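**Student:** First the structure, then my questions, so here it is.
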Amino acid sequence: MHHWITNRRQFVAALGLGLVSARTGSGDDEISFASHPFFVEWQELARQGQIFEHWTPEDDGKWSWYRAERYVDGDWKSHAISLPVNRKTGELHQPADGYVGLDNIPPYVLTGDLPQLPDSIKRQMAPSQFDPTEAMMRLPHPEVQMRDGKPPSEWLRSLYADELRTWLKTIDITEATVSGMTFWVHLVRDHSFDPRRIEGLNEREFLQLHSAAHFGY
């Protein structure tokens, strides 16, 4: 018997945190950096065969499912759709052909946990530009505000989770939410954040970071 989320609020909350998994094309959790002694952009890791994947909840009112997307050839592309479930009765959609079985959905997706990226993925990171004094004086950039925060400044995208957590407490911004996706998906896909840098932020901090990106920082 499969446990499934039948309440819309529970369903969305289960994916409230940004979700990402990464593994090699062969299924291993490790990748060698022996030939890459310097910082490697995560997009470059994808070109080398590292798989970056996220799952996003979707529904049409009656049926609920998850869509898996993978980063391929410079873009996020639909990879699989989980077997739809009737949100009222829990009934599984028939026929089931072409859908991913519920047992194949990563457990962290259903529990709303943020999986830890393998150390091999996080091992080589570019130095942060964070400076507490600069951060306290930093103001939104008008040009960034005009383009709706896409992309946010290189400075903001350079910060690590602990630095972001500290800096976000110092600013007062209007909240900017997302619809139909998780904050992680939007921040990485649409605002060019490195998933390794923002790993560890909680749902509230993702909201604040997204708001800061739209506010022009």
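Values quoted throughout were computed directly from the atomic coordinates according to the rules given, and no laboratory measurement underlies them. Because the structure is a prediction, the values reported are computed rather than measured. Reconstructed Cβ throughout: ideal geometry from the backbone, glycine too, with neighbour counts over all protein chains shown.
**Student:** Looking only at the range 118-141, which residues are in contact with a strand residue (DSSP E or B) (Cβ under 9 Å, 6 or more places away or on another chain) and either surrounded by fewer than 15 Cβ atoms within 10 Å (Cβ to Cβ) or within 13 Å of residue 194 (Cβ to Cβ) (or both)?
**Tutor:** Passing the criteria: only 121.
**Student:** For the range 198-212, name all the residues that are surrounded by 22 or more Cβ atoms within 10 Å (Cβ to Cβ) and touching a Phe, Trp or Tyr at 6+ places or on another chain (Cβ under 8 Å).
**Tutor:** The answer is 198, 206, 209, 210.
**Student:** Collect the residues in the range 69-108 that are touching a Pro at 6+ places or on another chain (Cβ under 9 Å), among the hydrophobic types (A, V, I, L, M, F, W, C) and assigned to a helix (DSSP H, G or I), keeping them in residue-number order.
**Tutor:** Listed by number, the list is empty, since nothing qualifies.
**Student:** Related question: Output yes when any residue across the range 177-189 is surrounded by fewer than 19 Cβ atoms within 10 Å (Cβ to Cβ) and over 17 Å from the mean Cα position of the chain (by Cα), and no when none is.
**Tutor:** Among the residues of the range 177-189, not one is surrounded by fewer than 19 Cβ atoms within 10 Å (Cβ to Cβ) and over 17 Å from the mean Cα position of the chain (by Cα), which makes the answer no.
**Student:** Here's a follow-up. Mind counting the residues in the range 152-165 that are touching a residue at least 60 places away in the same chain (Cβ under 8 Å) and in a loop (DSSP other than H, G, I, E, B)?
**Tutor:** 2
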